[in-house]
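Report on the structure given below.
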Amino acid sequence: MSQLLHFKIYDEIYRRIVYSSIPLQKDMDMDFINERIGGQIFIEKLQKMIQHKDYSCRNVYLLCNDFLSELKKIGTVEQILKVVYDFALCKAFPHLKNQNYEGKIHNDCILYLTVLGVIAEFQKQSEDDTWQSRYPLNFLSEKEVDFLENKDEYKRFVKAYKEDFIYEMM
């Protein structure tokens with residue numbers, strides 16, 4: 001099962017980063033990112049994460065740190081995660097912006113949060129005895145959305161929730 005799960009997670013990470021339109025700024029070397037995500041080190045780290053059921057923010061950073069060159073310059077893992085948290089907070093609440101998250105630091109934060117989002121979705125089903133898997137926050141199905149009084153409002157909420165990395169901040 002973990003091998004199948006590994007391929008599903010890997011495929012989703014690869015698809016979201018390489019084939020989707022995540023909001024990266026210019027000067028991003030996607031060939032470099034592609035090589036790192038497709039590399040043996042990334043795959044082995046992902047397999048180990050799944051095997052140990054350790055989906056922590058720290059472990060996700062360690063999974064990605066080979067292609068997060070600007071974040072690596074900040075310092076300890078805890079300092080890096082604080083910067084990423086502040087970045088996500090500023091996306092959700094732009095009036096709180098007290099830092100400049102332009103260029104490569106912006107890209108690194110987006111890449112990290114994208115991978116974290118994929119891992120978090122799979123963690124909901126992992127039965128790893130965390131609140132994320134015991135009480136998963138799942139959105140309504142399309143069928144359930146059809147019964148809502150205001151479908152558009154719900155869809156705007158879900159879109160903002162995902163684009164502003166609200167779940168990842170939790």
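Summary table below
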read-out: Accessible surface of the range 37-170 [probe 1.4 Å, protein heavy atoms]: carbon and sulfur percent; value: 52
read-out: Rounded, prolate or oblate (a/c below 1.5 giving rounded, otherwise prolate when a/b exceeds b/c) for the range 1-91 by Cα gyration tensor; value: oblate
read-out: Distance violations [Cα-Cα > 26 Å] among K53/K151; K72/K124; K8/K45; K82/K159; value: K53/K151; K72/K124
read-out: Rg(Cα)/(2.2 N^0.38 Å) for the range 43-170, N = residue count; value: 1.16
read-out: Low-density loop positions, chymotrypsin sites (Phe, Trp or Tyr not before Pro), the range 94-166 - DSSP coil, at most 14 other Cβ in 10 Å; value: F139, F147
read-out: Debye, to nearest 20: dipole size of the range 55-127, +1 on Lys, Arg Cβ, -1 on Asp, Glu Cβ; value: 160
read-out: 1.4 Å probe accessible area per residue over the chain, in Å²; value: 61
read-out: The range 1-158, relative contact order [Cα under 8 Å, separation at least 6], %; value: 27
read-out: Inter-site label distance for K73 and V145 at 7 Å from Cα along Cβ, in nm; value: 4.0
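The values are calculated or read from the model by the stated rules, or taken from the named source; none is laboratory data. None of the values given here were measured: they were computed from a predicted structure. Neighbour counts run over all protein chains shown; Cβ positions are idealised from the backbone, glycine included. Accessible surface areas use protein heavy atoms only, side chains included; no ligands, DNA or RNA. Shrake-Rupley method; radii C 1.70, N 1.55, O 1.52, S 1.80 Å.
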